[in-house]
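J.: I have a structure I would like to understand better, so I am pasting it below and will then ask my questions one at a time.
The values are calculated or read from the model by the stated rules, or taken from the named source; none is laboratory data. Just so it is clear, the model here is predicted, and its values are computed rather than measured. In this analysis, Cβ positions are derived from the backbone assuming ideal geometry, glycine residues included, and neighbour counts consider all displayed protein chains.
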Amino acid sequence: MKVSIATMENITLSCNASGFPAPSIVWNYNGSLLMNDRFNVVTVELDSYRVQSSLSVLLANVSDTGIYTCTAISNVDNSSISEDSTLIVQGNIAIFSLPFMHV
């Protein structure tokens with residue numbers, strides 16, 4: 001999935017997984033575990049085999065552009081499956097028209 005938003009907007013990415021028992025979910029940003037206070041991850045075990053997780057990017061800025069990966073990990077044999085989402089945060093662009101000055 002590819003999503004584009006403007007700076008200072010919020011976005012929530014969702015991930016669903018199933019297995020028995022319900023798998024664990026981890027989120028990565030450009031291949032590294034998320035470690036930022038502006039990201040909010042909520043994971044809910046719906047029942048004994050289904051889990052739902054959401055990652056919210058709060059007040060996004062251009063540096064948040066990248067690949068967000070949701071990985072479901074089996075609690076039995078540590079096998080995993082992943083899904084990527086590409087987020088593009090578009091910055092503000094200002095165009096100025098300056099008068100031509102001849103010296």
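J.: What residue, among those in segment 32-66 that are among the hydrophobic types (A, V, I, L, M, F, W, C) and either exposed (fewer than 13 other Cβ atoms within 10 Å of the Cβ) or within 19 Å of GLY19 (Cα to Cα) (or both), is modelled with the lowest pLDDT? Can you show your working first?
T.: We begin by selecting, within segment 32-66, every residue among the hydrophobic types (A, V, I, L, M, F, W, C); these are 33-35, 39, 41-42, 44, 46, 51, 55, 57-60, 62.
Imposing the further condition that a residue be either exposed (fewer than 13 other Cβ atoms within 10 Å of the Cβ) or within 19 Å of GLY19 (Cα to Cα) (or both) reduces the set to 33, 35, 42, 44, 46, 51, 59, 62.
On the way: LEU33: 90, MET35: 76, VAL42: 94, VAL44: 96, LEU46: 95, VAL51: 97, LEU59: 92, VAL62: 95.
So, considering only residues that are among the hydrophobic types (A, V, I, L, M, F, W, C) and either exposed (fewer than 13 other Cβ atoms within 10 Å of the Cβ) or within 19 Å of GLY19 (Cα to Cα) (or both), the one modelled with the lowest pLDDT is MET35.
J.: Taking GLY91 and the conditions (1) at pLDDT below 95; (2) surrounded by 12 or more Cβ atoms within 10 Å (Cβ to Cβ), which numbered condition does it fall short on, given that it satisfies the others?
T.: Evaluating GLY91 over (1) at pLDDT below 95; (2) surrounded by 12 or more Cβ atoms within 10 Å (Cβ to Cβ) leaves (2) as the failure.
J.: Here is a follow-up. Restricted to segment 5-35, and to residues that are out of contact with any strand residue (DSSP E or B) (no Cβ under 6 Å at 6 or more places or on another chain) and of a type in the set (A, V, I, L, M, F, W, C), which residue is farthest from VAL51 (Cα to Cα)?
T.: Applying the filter and picking the extreme gives MET8.
J.: Are any of the residues in segment 56-75 in contact with a strand residue (DSSP E or B) (Cβ under 9 Å, 6 or more places away or on another chain) and on the phi > 0 side of the Ramachandran plot?
T.: Filtering segment 56-75 for residues in contact with a strand residue (DSSP E or B) (Cβ under 9 Å, 6 or more places away or on another chain) gives 56-58, 60-75.
Still in the running and on the phi > 0 side of the Ramachandran plot: 66.
Yes, the conditions are met somewhere in segment 56-75.
J.: Could I ask something else about it? Which of the residues that make up segment 41-70 are small (Gly, Ala, Ser), outside any helix (DSSP H, G or I), within 13 Å of the chain's Cα centre (by Cα) and more than 16 Å from ASP84 (Cα to Cα)? Full working, then the answer.
T.: Within segment 41-70, the subset small (Gly, Ala, Ser) is 48, 53-54, 56, 60, 63, 66.
Add one more test, that the residue is outside any helix (DSSP H, G or I), and what stays is 48, 53-54, 56, 60, 66.
Subset that is within 13 Å of the chain's Cα centre (by Cα): 53-54, 56, 60, 66.
Answer for segment 41-70, where residues must be small (Gly, Ala, Ser), outside any helix (DSSP H, G or I), within 13 Å of the chain's Cα centre (by Cα) and more than 16 Å from ASP84 (Cα to Cα): just ALA60.
J.: Can you tell me which residue is farthest from the chain's Cα centre (by Cα) among those in segment 1-31 that are polar (S, T, N, Q), exposed (fewer than 15 other Cβ atoms within 10 Å of the Cβ) and under 22 Å from LEU59 (Cβ atoms)?
T.: THR7
J.: Right, something else. Filter segment 1-17 for residues that are modelled with pLDDT under 95 and in contact with a Lys or Arg (Cβ under 8 Å, 6 or more places away or on another chain) and give the result.
T.: Residues satisfying the conditions do not exist here.
J.: Checking ASN78 against (1) in contact (Cβ under 8 Å) with a residue 24 or more places away in the chain; (2) in a loop (DSSP other than H, G, I, E, B), which single condition isn't satisfied?
T.: Of everything listed in (1) in contact (Cβ under 8 Å) with a residue 24 or more places away in the chain; (2) in a loop (DSSP other than H, G, I, E, B), ASN78 misses just condition (1).
J.: Give the number of residues within segment 7-40 that are assigned to a strand (DSSP E or B), more than 15 Å from GLU83 (Cβ to Cβ) and hydrophobic (A, V, I, L, M, F, W, C).
T.: Looking only at that region, the number is 3.
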